[in-house]
Structures are given as structure tokens and as C-alpha cells.
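Notes to accompany the following structure.
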Amino acid sequence: MKKILFSFMLIFNFIHGEFSQYQSNLGLGVGLGLPTGYEFRGIYKQSEWLSLSLDYNIFSVEGINYGFNKDGMDLNVAGSLGFSTAGVLLHYHPFGGNLRASAGFFYDMGGLKIDTDGTIPFDTDGDGTAESVPVTGSISIKLGQTYPYLGLAYGYDFNSVVHLELSLGTYLMKRPQANLYFNVGDNNTIKGILDSAGIPAGTQDDIIAALEASGGNILNLPQIVTDQFGLSSSGLIMPNQKNLENDIVYLIQQGYSYLPEFLGYNLLPVISIGFTIFPF
């Protein structure tokens, strides 16, 4: 035990000595924000005028439930909203003090993840009209891949180590992205869809096998029929994947249509308060 304690003290003294030249320049921060949730930060003060930080934010909302009815579809969706971003920010201190202006970029690591069940329309009997087919699946929505951030903040130094800060800013958000997955769970239903489109019976088992190998998303059926088997998919009477994704994105955009716009971006306000310590 004495050897372990002695070794620990040697390591600590070494680290402290190595980083003593950076005293008050390297900091670690935690905070709370709306709508960003928990915030974590590592910051390097290059000078009294400039600093650079790596930021990570995480927030989630459970119990989202919604009914979606459009163009013959009747879906129940339930899931969670996960807000998770990682970014890099450059901070400018115009007076060499605690007031700063910040600019940078964040990468969206979260999004809306929901499970679905219900019915969507397919022609399964060759009569030229679509019938309601039971499906299960999921919808994943990214609120943006990478988006800029602009903000202002003011801090208060309790001492040379502990720093309190209030910040106001905005994310500049672009159009969301949606990815849909539906599984009918019944090969006979898929064969009925293929029969209705005039797909030869001799290739249907191979098409179903290719569909399963690709993940089983029934919305990929036209692409598999065309790209992998060289057959026409024009006879498939079923929802168009791109149109469905656009419908979902439209609903999401309506949810933040109240946000102001600037240069084609929606401005999502962010407010946060947090502590930063400079231990080195």
C-alpha cells in the first residue's frame, strides 16, 4: 500500500510539474442548458483574448406518442427524442475579460427514434387498388448533420480556479433528414405484391431473399427489383419511400416553424449556465 501511495504521489507531482506552465489555461466545465440538457466542456485559453473549447451536450425526452394518418397509411408511433451534440467553438474576449463571443460548429449525434406499427397500402391481389397491410417498423429522424453555433456569454471568477458563466446563443439548423423502415413480416404478402406487379413467380423467392439480406425494409422492394434483377417496378402499387420521408420531414418542420429564419437556417435559441474549473 505504501508503494502504491508513493507511486501515486510521484505521478501526481510529475503531472503537476509538467502542466504548471499552463496554469489557469486548461479548464473542465459542466452545465445545464435549454434545450441542450447536460453540458460538458474542455477549454484551452490561448490568451486573454482567445480560447478554444470542445463541447458535448446530451438531453432526452421519453414517451413521445403520435398518430400518423396520410394517403392510406395509419401508423402509431412511439419513441424518444435524443438531443446529443459534439462541437468545437472559438471564443473571442473583446475586452480581455469575462465577456466573450463564440462561433463554431456542432455535429448532431442524436435525433428522433420512434417505433411504429399500423397499416400502409399495397396492392396484394392484382385488382389495381391498394389494400391496408399490417406493418411494424421504425422511423429515425436527424435534426441536422452539422450546424453552426453563434453565441454570447458573460462569466464571473470566484477565484483563479472556479469560473461561473451564463451564455446565450443559437443553433443554425437546416432541413431534418428521415429514414424509414417497415417490415410486413409475411413472405406470402410480399409474393402477393410481386404477383400484382407482374413479377415472374420464378424470381420471387430470390427477390425476397435479397430483400431480407438488405435488412427487410419493404420500402426497398422497388429498388431491389430494378437494380438487382433488372425488372420493371412500375407495376408495384405501394408507398413511395421518398414521398413518405418528405411527409415525415414536413411534420417535423411544422414543429419548429415558429423559429425565426436567417439565411435559410432556422434559429434554435440556446441558454445555459455552468461552472468551469482550471485545475492545472
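The values are calculated or read from the model by the stated rules, or taken from the named source; none is laboratory data. The structure presented is a predicted model; accordingly, all values stated were derived computationally and were not measured. Here the Cβ positions follow ideal geometry from the backbone for every residue, glycine too, while neighbour counts run over all protein chains shown.
Just a few scattered comments:
- Test: residue 194 is farther than 30 Å from residue 262 by Cβ, more than 34 Å from the chain's Cα centre (by Cα) and surrounded by 18 or more Cβ atoms within 10 Å (Cβ to Cβ): yes
- Every condition in (1) within 30 Å of residue 165 (Cα to Cα); (2) touching a helix residue (DSSP H, G or I) at 6+ places or on another chain (Cβ under 7 Å); (3) of a type in the set (Gly, Ala, Ser) is met by residue 272 except one, and the failing one is (2).
- Taking every residue in the stretch 233-249 that is acidic (Asp, Glu) and pairing it with any residue that is surrounded by fewer than 17 Cβ atoms within 10 Å (Cβ to Cβ) and at pLDDT 80 or above, at least 6 positions away or on another chain, the pairs with Cβ-Cβ distances below 9 Å are 245/179.
- Within the stretch 45-145, strands (runs of 3 or more DSSP E) holding 3 or more residues that are modelled with pLDDT under 85 and under 30 Å from residue 186 (Cα atoms): 50-70, 73-92, 111-122, 131-142
- The listed residues are 207, 252, 224, 248, and the only one of them that is within 30 Å of residue 79 (Cα to Cα) and either of a type in the set (Lys, Arg) or at pLDDT 90 or above (or both) turns out to be 224.
- Breaking point among (1) more than 30 Å from residue 83 (Cβ to Cβ); (2) at pLDDT 90 or above; (3) polar (S, T, N, Q), for residue 272: (1)
- From the list 155, 137, 185, the one residue that fits, being in contact (Cβ under 8 Å) with a residue 24 or more places away in the chain, in contact with a strand residue (DSSP E or B) (Cβ under 8 Å, 6 or more places away or on another chain) and within 30 Å of residue 44 (Cα to Cα), is 155.
- Qualifying residue in the stretch 203-213 (condition: within 29 Å of the chain's Cα centre (by Cα), loosely packed, with under 14 Cβ neighbours inside 10 Å, farther than 30 Å from residue 270 by Cβ and not β-branched (Val, Ile, Thr)): yes
- The residue list 172, 152 contains one member that is crowded, with 18+ Cβ neighbours inside 10 Å and either out of contact with any helix residue (DSSP H, G or I) (no Cβ under 9 Å at 6 or more places or on another chain) or of a type in the set (Ser, Thr, Tyr) (or both), which is 172.
- Leading residue by the ranking (surrounded by the most Cβ atoms within 10 Å (Cβ to Cβ)) among those in the stretch 46-85 that are over 21 Å from residue 140 (Cβ atoms) and without any contact (Cβ under 8 Å) to a residue 24 or more places away in the chain: 46
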